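Written out below as structure tokens is the structure these notes cover.
The values are calculated or read from the model by the stated rules, or taken from the named source; none is laboratory data. The model shown is predicted, which means the values in this text are computed figures rather than measured ones. Please note: Cβ atoms are built from the backbone with ideal geometry, for glycine as well, and neighbour counts cover all protein chains shown. Ligands, DNA and RNA are stripped out before the accessible areas are found, and what is left, the full protein with its side chains, is counted by its heavy atoms. Shrake-Rupley method; radii C 1.70, N 1.55, O 1.52, S 1.80 Å.
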Amino acid sequence: MEKINNNIPKHVAIMMDGNGRWAKKRLMPRKIGHLEGSKRLESICESSYKLGIKYLTVYAFSTENWNRPNDEVNGIMNLFRKYLVDKKNKCIQNDMRVRIIGNRNGLDNDILQKIEDMEEATRKCNGLNLQLAVNYGGKDEIVRAVNKILLCKEHLNSITEAEFSSYLDTRDIPEPDLFIRTGGDKRLSNFLLWEMAYTEFYFSDILWPDFSEEELKKAVNEFSKRDRRFGQIKE
Ligand code: IPE
Ligand code: IPE
Ligand code: MG
């Protein structure tokens, strides 16, 4: 694929929303929407890499999503399990490094083991960096960081922004340049609160299982035209 121009976002964060509505429109169970959504993620990873994006962070399950019916939560966790096991070799072949951000407390032990296996197996991969946000909440991430600081810096009386960032799940990852939310809603739903202080926002009405490479290109194209001033003025 031809690159759009030089102004490609280095890091794109996507809230993959609309799986449930996609299934409902087709009179299918919500679980099928999540299955289609997970397939879409695989193709969007490939498209992102082709476009020249280096980091892709996707919101797969929020700290608030536990409030859904058990059957749906279990369905999503099983998809996550399957992804971690079945896709490990494909990730390595595609040179894709996979990391999981979010609160590991609350995830089943077998999932924790599968996360470690996936992260270790892809640790040296150098292509796309994929961050899956699972049991992730922006407020939860910040509070976990504060608690880590309280534990290891007993006499601390001040901290810089850079030091604070180093306690976040995203410590080794640059801040997102572009945030995309599919599914039509225009809110942050507790995603990357600290990290998206200066991110460009793009909202799409397309439901996540329908979000194609063309749609990604549209978002990246719009990003490439945005004027990022970071508080400065332009003559
Ligand atoms: C996003 O799709 C996936 C998760 C939150 C796990 P939804 O399941 O929220 O789909 P809608 O928003 O109900 O259509
Ligand atoms: C946000 O979607 C979380 C994920 C996409 C995983 P939700 O569907 O849970 O968000 P709300 O409920 O519309 O805010
Ligand atoms: Mg939703």
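General observations
- For Lys31, the aspartates and glutamates whose Cα falls under 15 Å of its own Cα, not counting residues fewer than eight places away in the same chain, are Asp17, Asp71, Glu72.
- Sparse-neighbour loop sites [GluC sites (Glu not before Pro); the range 125-204; at most 16 other C-beta within 10 Å; DSSP]: Glu154
- Rounded to whole numbers, the Karplus 3J(HN,Hα) couplings from phi for the range 96-106 are 9, 8, 10, 10, 10, 10, x, 8, 7, 5, x Hz, using 6.51 cos²θ - 1.76 cosθ + 1.60 with θ = phi - 60°, and x at Gly and Pro.
- For the range 47-59, 3J(HN,Hα) per residue [Karplus equation, 6.51 cos²θ - 1.76 cosθ + 1.60, θ = phi - 60°, Hz, x = Gly/Pro]: 4, 4, 4, 4, 6, x, 6, 9, 10, 10, 10, 10, 8
- Translational diffusion of the chain, µm² s⁻¹ [Kirkwood Rh, Cα pairs; Stokes-Einstein; 25 °C; 0.890 mPa s]: 132
- Per residue accessible area in Å² of the chain, where ligands, DNA and RNA are left out and the probe is 1.4 Å: 54
- Close amide H pairs (under 5 Å, H built 1.01 Å from N) link Ile14 with Thr57, Val58, Tyr59, Ile180, residues at least 5 positions away or on another chain.
- Since only Tyr167, Val143, Gly18 are under comparison, the one whose Cα sits farthest along the positive direction of the charge dipole of the range 11-224, derived from C-beta charges on Lys, Arg, Asp and Glu, is Gly18.
- Label-point separation in nm, Val146 to Phe230, each point 7 Å along Cα→Cβ: 2.8
- Carbon + sulfur, % of accessible area of the chain - ligands and nucleic acids excluded, 1.4 Å: 49
- Mean residue ellipticity (222 nm) of the chain, computed from DSSP H runs ≥ 4 via -39,500 (n - 2.57), nearest 500: -13000 deg cm²/dmol
- For the chain, the relative contact order is 29 percent, taking Cα pairs closer than 8 Å that sit 6 or more residues apart in sequence and dividing their mean separation by the residue count.
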